[in-house]
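The block underneath contains the structure these notes are about, expressed in structure tokens.
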Amino acid sequence: METSNGLGLVICYHNPPLVPRGASTRVRDITQKGYEKKRGKLLAPYIPQIQGVDPSLQIDNRIQASSQAVHPGSKHNKSRAPNTRDERFRSDLHTEAVQAALAKYKERKMPMPSKRRSVLVQSSVEACTPPDTSSASEDEGSLRRQGRLATSTPYQGHGHPAVEHWFNRVIQGSSTSSSASSTSSHPGGRSSTALTFSLLLSVLPSSVPFLLISSISQSICLHISSSTASTPRYSSFPCLYFSPYPCLVMFIFLLLFPPHPLRFQCVGVPVNSRVSSKIQQLLNTLKRPKRPPLREFFVDDFEELLDGKLTPDPNQPKPEGQQMSPLEGDHLGLVNKWPPSLPAALQRWGTTQPKSPCLTALDNAGKPVYTLTYGKLWTRSQKLAYTLLNKLSTRNEPLLMPGDRVALVFPNNDPVMFMVAFYGCLLAELVPVPIEVPLTRKDAGSQQIGFLLGSCGVTLALTTDACQKGLPKAQTGEVATFKGWPRLLWFVTDGKHVVKPPKDWHPPIREASNDIAYIEYKTSKEGSTMGITVSHSAMLAHCHALTQACCYTEGEKDTLVTWRKLSGWCVMNRMHVISIPYSLMKVNPLSWIQKVHTYKARVAVVKSRDMHWSLLAQRDQRDISLSSLRMLIVADGANPWSISSCDAFLNVFQARGLRPEVICPCASSSEAMTVAIRRPPEMGVPPPGKAVLSMGGLSHSVIRVDTEEKLSVLTVQDVGQVMPGAVVCVVRVEGTPYLCQTDEVGEICVSSGSTGVAYYGLPGMTKNVFEVRTIPVMSSGVPISDRPFTRTSLLGFVGPDNLVFVVGKMDGLMVVSGRRHNADDVVATALAVEPMKFVYRGRIAVFSVSVLHDERIVVVAEQRPDASEEDSFQWMSRVLQAIDSIHQVGVYCLALVPANTLPKAPLGGIHISETKQRFLEGALHPCNVLMCPHTCVTNLPKPRQKQPEVGPASMIVGNLVAGKRIAQACGRDVAQLEDNDQARKFLYIQDVLQWRAQATPDHPLFLVLNAKGTVASTASCLQLHKRAERVAAALMGRLNTGDHVALVYPPGIDLIATFYGCLYAGCVPVTVRPPHPQNLVSKSVCILTTQAIMKLLKSKEAAAAVDIKSWPMVLDTDDLPRKKSPQMYKPPTPEMLAYLDFSVSTTGILAGVKMSHAATSALCRSIKLQCELYPSRQIAICLDPYCGLGFALWCLCSVYSGHQSILVPPLELESNASLWLAAVSQYKVRVTFCSYSVMEMCTKGLGSQTEALRLRNVNLSCVRTCMVVAEERPRIALTQSFSKIFKDLGLSPRAVSTTFGCRVNVAICLQGTAGPDPTTVYVDMRALRHDRVRLVERGSPHSLPLMESGKILPGVKVIIANTETKGPLGDSHLGEVWVSSPHNATGYYTVYGEEALHADHFNTKLSFGDTQTMWARTGYLGFLRRTELTDASGERHDALYVVGSLDETLELRGMRYHPIDIETSVIRSHKSIAECAVFTWTNLLVVVVELEGSEQEALDLVALVTNVVLEEHYLIVGVVVVVDPGVIPINSRGEKQRMHLRDGFLADQLDPIYVAYNM
């Protein structure tokens, strides 16, 4: 198809460049020496120290790798393998560099994460379908839509053999063999956790890459080579994508315009600084709500974190050149007969040359389907303009007015319709806003596009008939409203829908003005979408500049093959544009070269990706010639790796007539449009330049020339000269825009009439990027000009001969510890690690996330379905090592996701910001994850050094001087409380029962409810006494006084009756939860139980677990004869043992305590007084009756006080969650007790059923006190949500409170019915780690709410003592809670004879002060604080706050952590985490999370858990274990059994879904 006299070029450009801005930089936080020190400390716990090896004596030996020239063509002589498409991206040189870097790391095992089989099977079918090879690689070169561009580089790192040698010695010297296999052979396929653990320790050092900074050559001259035919540095092509619409820019109208230099001004909206300062003030107030009165003894961690970051490395290279001077482009020349605007040019050619072809569209077979002539374009645009202005109306008013914005939604392969719509809008004086065709309602980034359309006030969208039919529809048949989009009217622009204008109607053709011509969108690094406005005059000026730069002359015979977005050029010059759709390029990568040959094109516009693709297929085409080309414009020449594409392409196609000087890279950005372009050879320009730069220098923004032998280098080509009429300078990226020095990398800024004008509707950002604030200033502070400059978001410098070099983009910039790295450099390194077998080449995303006040690098790749676990893991570990060696930066997280699951940008590339968002939300669903926080988090606060403690005497004196009272408090004095307590005259609880059986035989004591809410059994005083007598009679003949008897009963009256039967017989009862008698550690000589349980105990299953023959006698008490015991046993003294109370502590130890008769009576009396219990009262109890306060309330208190107890076994709630609350309502109970597990069951099970309960007349307004029985810190969130949920049923928010007891004293605090409400204080969690209490305001950062644990019981004294010196502490100081009371237990009961070890738990004395009183140590940390409230006696009330169990605290980095605090953070980090428990194992923090969701989510949790623990607790998680719900064991009180969990983990009994070892 011959062109009629018109200018043509060939453009194969699928998606114009989009360059968002981003990232601020920070100063590097660690010096070489400091790093060595920190690394030593970090590894010390894991490495046995080798004597005589000083880690600091490490020689910086460089591995010299000779880069050998490989002829790119030589690879194509073999027949093509199935995945040659991947082959073409191989960079032999870069791969060689990576291999050299990896040579440092010898083959050694790293602990593989273990994964349950079911997780390996992907559920979705889609996940198994590999992306078509083209989509895998199509976008390696396509521009990255989110603009995370940076350089993808040929650079490599320095080896450190000395370090390696030292590490190897350490590994050989370690106690565990590192060659042990990391996977076990059992069928589950999971590795043995314990084995993997030992393995982890043996290899940890080997997996820790280092940050070793090589000394950097100080020379600053650039190496410029004139040969363009040099071998490519490497041709590995990372995934980069542009959106097509941003950048109508580069050539949407390159056109023959006469010089028309138009200055335009933009009036910005001033920012109200007063508002900003108010907001700032508010933020400052929130930041530190309450300053502590004195500087505490420790340095605030937060300040330390920031201090660490602000220390620059003294050895880092610094720029040494002079300050650069602004670089001016050629003067814009005059052109004759230049149309005054773009519509005027269209009118001229449409009327004078109507038959000239303008645009040819091709189908997917490469055949021309339609040629649009200038005449057609003019008439069709006029029709559309007339229709839009006159035929669309609402309520008889025109829908559109000139200046309104209109969305253009056209598919990629229909450039003709797009062009007609674009010019139709210009003729109608409407502002087109081109956007992508939305494919689904949830396209990646679609919501932000909707936000842009809404902010632009778009109400109408233009599209084609075919496209409109393909859009998602609502049920009404109309186009669906996409998420976040405004309501749009969709108008189809096909011929039958537009109207021919009347003869007297003519579109207004005006001169180019500063009004908006069109709005192009760009997406920022963070994913937000901005609209860049381009004025008519800027379009005109841009055409003028390009025309001059590229030497276009009217009538020149050219052909232009183009992607449709750039099709605006043709209008000025009657160029014939052949548009090559993206889909055709995927099918036939050579199509653009064939069209250049067919049409004898003079100019072609391509991207480096297109050049790569064509190298593949070129062998099949013998008869093509590129000799007609005078310019081959490389549209993404600003991408540093484009040099390898250009060199490889030239090597192959020079034989087909391609001249070296024809290749013209250019640089452009959304904001500044075309920034620089290499001129065609006829303009007598200097030869092209090439620079080989040290990546170490670049990371400090300094240009240092490196020899090509180095591993760590980046080779870049120039992008030519500045555009005519423009002034360019390079400024520092952050802070005041000072001009850079000549050897410094900065952001390129342009001042010209052809840039974008503003971000639509964003005056603040516009000022920063387009207006006055970006006028660069000299070092003296003087602005260089009064003209506004536009920031291009390109990073680069100006080299010799005034050539512009670009090394990266702001969007790909990641500032880690003050050093800058480019995302695409990292992608290139990852791709050089033999990825073909494991991951899809074009599907790798690299971005940074902010964790603990610094950026951390995350790499996400799509894994091939056929890659095995082990292979992928090996690849991941090699990638980590390669990136560390070459970039000297640690990767924080490397994740592999199933094929086809990463969010796609419009042209099939990866949508980076959406990927990052999913990563942070835990919605990425990876199938493999490797976290390396140990290697890359180097800004942790210093571990706390233990100071020699202040002596107890000095402490007391200090407190006296400071006016602080000693932290001591007591309940009411029992002796002084006169009440008509008849039971007081009895010394023994069994005597009280006998007395009640005589005095009030029919008084009801107990009532047990079943799951249906009906009464299962009852007992009056006499009935209970009679049943107890029968049990005593059965025992007396068989057992001796003082024998232990195990009571194995379900919760009920049998348990209570047999308990008193044992006391009657003089035996010691031990209540045991059925059916686990093997837990028995008491030397019981007899087991009492029911017939059903007896059968169970003698079953085969029980025989398999324990040796039945070794058991004591088992009696069932179901059918005892009605026999009265001959005589009741009378204990000789109240100090004698009454019963044993066995319980599993929170640390997982089964411990029995001895309760004497005196203690039993004192306990009952204390509870009676605190809760005001009398025979006329009823209380409801929903607790297990086997130990602690639960046992006392079930079995003892009713008998002592005479009140009726309504007993609700907690197990029954599993089948009827409302049982307990219904009972409380039905019996109008004022006092009730429950456990945390019961409260949780009600909150979760009944949260949504309060309305139904109200209809069943459940009313809780009768409740005065609802107490949670616990041996832990009050769970304030649970009690508050319980109060909130059941407030609707009349529950008073003041009613819910907690109790506190422990092994040494089962009831220390209990809210009771009198006294002030429990108080809540907020303490600083960071101070708590240092064993200090710092009170802060609610809502301040790091604040932790603590609720008072109830009132101290009558007769109980509490003091806070220092855990080490055993001296008393002052008010509001953290220490161990000690208790003195008549109902303290008398000691531990154990069969192993270790009582002496724990003697001081029960009888210990203060080392100073009151040294006479005997105290029992609770083993819990807490503090006392005197409040402003008054208690019942009129004194000021002392509140006791329990912080946590001392045995459970984790000692990490010299600080004390409470597991519950870490667990609370973790549970908050993801909606699918149902429960969490943490423990330590050899200095590693292990986090176990229960996953409530699909197993695909398991690996999402690893990164989130690691992040949140780092952010909030400054700790690195060593192992993350994901398990099924219900795996974390809890005891009857609902407390986590962390030590049991730890044992199960080490014995590999948890059946985890996934175990991740954080390196």
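The values are calculated or read from the model by the stated rules, or taken from the named source; none is laboratory data. Note that the structure is predicted; figures quoted are calculated from it, not measured. Counting neighbours? That spans all protein chains shown, and the Cβs are built from the backbone with ideal geometry, glycine included. Surface areas here come from the heavy atoms of the whole protein model, side chains and all, with no ligands, DNA or RNA. Shrake-Rupley method; radii C 1.70, N 1.55, O 1.52, S 1.80 Å.
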Exercise for review: Read phi for every residue in region 1531-1545 and hand back ³J(HN,Hα) as whole Hz from Karplus 6.51 cos²θ - 1.76 cosθ + 1.60, θ = phi - 60°, with x for Gly and Pro.
Suggested key: 8, 5, 8, x, 9, 6, 9, 5, 6, 4, 4, 4, 5, x, 5
Exercise for review: Pull up all non-local amide H partners of Val807: gap of 5 or more, or a different chain, and H-to-H distance under 5 Å with H placed in the peptide plane.
Suggested key: Leu795, Gly796, Phe797
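Eigenvalues of the Cα gyration tensor times 5, then square-rooted: what semi-axes does that give for region 318-397, in whole angstrom, largest first? Numbers along the way, then the final one.
Values: eigenvalues 328, 105, 78 Å².
Semi-axes, largest first: 40, 23, 20 Å.
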Practice item. Quick one: of Lys337/Lys503; Lys483/Lys525; Lys367/Lys586; Lys607/Lys809, which pairs are farther than 26 Å apart, Cα to Cα? Key: Lys337/Lys503
Check your understanding: Which shape class applies to region 417-494: rounded if a/c is under 1.5, otherwise prolate when a/b exceeds b/c and oblate if not, where a ≥ b ≥ c are the square roots of the Cα gyration tensor eigenvalues?
Key -> oblate
Revision key, fill the gap. Calc'd 3J(HN,Hα), region 853-870, phi into Karplus 6.51 cos²θ - 1.76 cosθ + 1.60 (θ = phi - 60°), Hz, glycine/Pro = x, comes to 6, 7, 7, 10, 7, 10, 10, 10, 9, 8, 8, 5, x, 8, 7, 7, 3, 5
Exercise for review: Could you tell me what percent of the accessible area of region 1147-1299 is made up of carbon and sulfur, with a 1.4 Å probe and every protein chain present?
Suggested key: 52
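Where Lys and Arg each count +1 and Asp and Glu each count -1, what net charge lies around Pro665 among other residues with Cβ under 14 Å from its Cβ?
Numbers: positive: Lys607, Arg609, Arg678, Arg679, Lys690; negative: Asp610, Asp636, Asp647, Glu661, Asp718.
Net charge in that neighbourhood comes out at 0.
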Practice item. Sort Trp490, Trp349 from largest to smallest accessible area, using a 1.4 Å probe on the heavy atoms of the protein chains. Key: Trp490, Trp349
Exercise for review: Keeping every protein chain in place, order Lys1357, Lys1130 by accessible area at 1.4 Å, biggest value first, i.e. largest first.
Suggested key: Lys1130, Lys1357
Check your understanding: Ranked by accessible surface with a 1.4 Å probe, highest first, in what order do Ser513, Ser645, Ser1215 come?
Key -> Ser1215, Ser513, Ser645
**Study point:** Under the Karplus curve 6.51 cos²θ - 1.76 cosθ + 1.60, θ = phi - 60°, whole-Hz ³J(HN,Hα) for region 893-900, x wherever Gly or Pro sits
**Key:** 8, 10, 10, 10, 10, x, 4, 6
Exercise for review: Taking amide H positions as placed in the peptide plane 1.01 Å from N, state which residues far from Ser701 in sequence (5 or more) or on other chains have amide H under 5 Å from it.
Suggested key: Arg820
Point to revise | Stokes-Einstein D in µm²/s, Kirkwood radius over Cα pairs - region 681-735 at 4 °C with 1.567 mPa s viscosity | key: 94
Review point. How big is the convex hull of the Cα atoms of region 625-739, per residue, in Å³?
Key: 136
Check your understanding: Over the heavy atoms of Arg1542, what accessible area does a 1.4 Å probe trace out, to the nearest 10 Å²?
Key -> 70
Practice item. Collect residues whose amide H, placed 1.01 Å from N in the peptide plane, falls under 5 Å from the amide H of His911; neighbours closer than 5 in sequence don't count. Key: Lys904, Ala905
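Rounded to whole Å and ordered largest first, report the semi-axes of the equivalent ellipsoid of region 1414-1559 derived from its Cα gyration tensor (root of 5λ).
One finds semi-axes of 33, 16, 16 Å for region 1414-1559.
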Revision key, fill the gap. Probe 1.4 Å, all chains present, heavy atoms only: Leu489 accessible area in Å², nearest 10, is 90
Exercise for review: Enter the accessible area of Val719 (Å², nearest 10), with the probe set to 1.4 Å and all protein chains included.
Suggested key: 0
